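**Student:** There's a structure below that I have some questions on.
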């Protein structure tokens, strides 16, 4: 079974198309729950609640997770609480955005 780190690593391939930085370094991923039955559940957010790309980004994240060995199904749930802030950026995210 993949680990949480494995899931986060493949999620680094999923970019917010408006910002051009991956969802992990933007700090958009809140929880990763790897199930013993091959399921992976992720809770994540976006930088703005009204973002029209939320379905596209969620599906891209699910597809990336499902490339991992032993993952049968991934579910990404968008949550809006707590709201995203720039404080959630990783050091790499700050570097990529020029902060």
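The values are calculated or read from the model by the stated rules, or taken from the named source; none is laboratory data. On a predicted model such as this, the values are computed, not experimentally measured, just so you know. So basically every Cβ, Gly included, is an ideal-geometry build from the backbone, and we count neighbours across all protein chains shown.
**Student:** Mind counting the residues in segment 25-43 that are in a loop (DSSP other than H, G, I, E, B) and either touching a residue at least 24 places away in the same chain (Cβ under 8 Å) or surrounded by 21 or more Cβ atoms within 10 Å (Cβ to Cβ) (or both)?
**Tutor:** Here is the first cut: in segment 25-43, the ones in a loop (DSSP other than H, G, I, E, B) are 25-28, 35-38.
From the residues that got through so far, the ones that are either touching a residue at least 24 places away in the same chain (Cβ under 8 Å) or surrounded by 21 or more Cβ atoms within 10 Å (Cβ to Cβ) (or both) too are 25-28, 36-38.
Residues in segment 25-43 being in a loop (DSSP other than H, G, I, E, B) and either touching a residue at least 24 places away in the same chain (Cβ under 8 Å) or surrounded by 21 or more Cβ atoms within 10 Å (Cβ to Cβ) (or both): 7 in total.
**Student:** When residue 61 is evaluated against the numbered criteria (1) part of a loop (DSSP other than H, G, I, E, B); (2) in contact (Cβ under 8 Å) with a residue 24 or more places away in the chain, which criterion, by number, is the only one it fails?
**Tutor:** All conditions are met except number (1).
**Student:** Hey, does segment 17-24 have a residue that's assigned to a loop (DSSP other than H, G, I, E, B), modelled with pLDDT of 95 or more, in contact with a helix residue (DSSP H, G or I) (Cβ under 8 Å, 6 or more places away or on another chain) and buried (at least 20 other Cβ atoms within 10 Å of the Cβ)?
**Tutor:** Keep residues of segment 17-24 that are assigned to a loop (DSSP other than H, G, I, E, B), which gives 17-20, 23-24.
Still in the list and also modelled with pLDDT of 95 or more: 23-24.
Now narrow it down to the ones that are in contact with a helix residue (DSSP H, G or I) (Cβ under 8 Å, 6 or more places away or on another chain): 23-24.
Those still in the list that are buried (at least 20 other Cβ atoms within 10 Å of the Cβ) too: 23-24.
Scanning segment 17-24, I find at least one residue that is assigned to a loop (DSSP other than H, G, I, E, B), modelled with pLDDT of 95 or more, in contact with a helix residue (DSSP H, G or I) (Cβ under 8 Å, 6 or more places away or on another chain) and buried (at least 20 other Cβ atoms within 10 Å of the Cβ), so the answer is yes.
**Student:** So is residue 79 within 19 Å of residue 6 (Cα to Cα) and either at pLDDT below 95 or touching a strand residue (DSSP E or B) at 6+ places or on another chain (Cβ under 7 Å) (or both) or not?
**Tutor:** On the way: within 19 Å of residue 6 (Cα to Cα): no; either at pLDDT below 95 or touching a strand residue (DSSP E or B) at 6+ places or on another chain (Cβ under 7 Å) (or both): yes.
The answer is no for residue 79.
**Student:** Mind listing whichever residues of segment 66-81 are free of Cβ contacts under 8 Å to residues at least 60 places away in the same chain and either more than 15 Å from residue 30 (Cα to Cα) or in contact with a helix residue (DSSP H, G or I) (Cβ under 9 Å, 6 or more places away or on another chain) (or both)?
**Tutor:** Narrowing segment 66-81 to residues free of Cβ contacts under 8 Å to residues at least 60 places away in the same chain: 66-67, 72-81.
66, 67, 72, 73, 74, 75, 76, 77, 78 - these are the residues of segment 66-81 that are free of Cβ contacts under 8 Å to residues at least 60 places away in the same chain and either more than 15 Å from residue 30 (Cα to Cα) or in contact with a helix residue (DSSP H, G or I) (Cβ under 9 Å, 6 or more places away or on another chain) (or both).
**Student:** When you look at residue 91, is it under 20 Å from residue 32 (Cβ atoms) and touching a residue at least 40 places away in the same chain (Cβ under 8 Å), yes or no? Break it down stepwise before answering.
**Tutor:** Values: under 20 Å from residue 32 (Cβ atoms): yes; touching a residue at least 40 places away in the same chain (Cβ under 8 Å): no.
When the stated conditions are applied, residue 91 does not pass them.
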